[in-house]
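A short worksheet on the structure shown next.
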Amino acid sequence: MYRPQYAAVLAEGNQAARDLAEALKLAGFSLPSLYGDLPTITDKALVHLGGASAELVRELAAWIRERA
């Protein structure tokens, strides 16, 4: 449920999602359902990361491991 007091928090989550999407694009990845989300338990901004295939997630995990 959207609450006006969460507008700034939702905007922060959406910006974080855009930032991550841009970084992932530079690495050749795209998470199709990446977006800011409303807070649940805390009042902190959230980012929804779902919607990626298992294959894509494994490729991303391997890419991260190679560079960590």
Nearest 10 degrees, 0 to 90: helix 54-67 Cα axis against the chain principal axis:
70 degrees
Restricting to DSSP loop positions (anything but H, G, I, E, B) with no more than 14 other Cβ atoms inside 10 Å of their own Cβ, which trypsin sites (Lys or Arg not before Pro) remain in the stretch 2-48?
Lys44
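Nothing charged except the Cβ atoms of Lys and Arg (+1) and of Asp and Glu (-1): what's the magnitude of the dipole of the chain about its Cα centre? Round to the nearest 20 debye.
Details: 7 positive and 8 negative charges, 9 e Å.
Dipole of the chain, to the nearest 20 debye: 40 debye.
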If I fit a long axis through the Cα atoms of helix 7-26 and take the longest principal axis of the Cα atoms of the chain, what angle between them do I get, 0 to 90°, rounded to 10?
10 degrees
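Expressed as a rounded percentage, what relative contact order does the chain have, with Cα pairs under 8 Å and six or more residues apart? Please report the intermediate quantities before stating the final value.
Details: 76 pairs, mean separation 21.0, N = 68.
Normalised by residue count, the contact order of the chain is 31 percent.
What percentage of the solvent-accessible surface of the chain, computed with a 1.4 Å probe over protein heavy atoms, is contributed by carbon and sulfur atoms?
On the way: 2950 of 5090 Å².
Carbon and sulfur atoms account for 58 percent of the accessible area of the chain.
The values are calculated or read from the model by the stated rules, or taken from the named source; none is laboratory data. Quantities reported herein were computed from a predicted structural model and do not represent experimental measurements. Heads up, the Cβs are rebuilt from the backbone with ideal geometry, glycines too, and the neighbour counts pull from every protein chain shown. These accessible areas exclude ligands, DNA and RNA; they are computed on the full protein's heavy atoms, side chains included. Shrake-Rupley method; radii C 1.70, N 1.55, O 1.52, S 1.80 Å.
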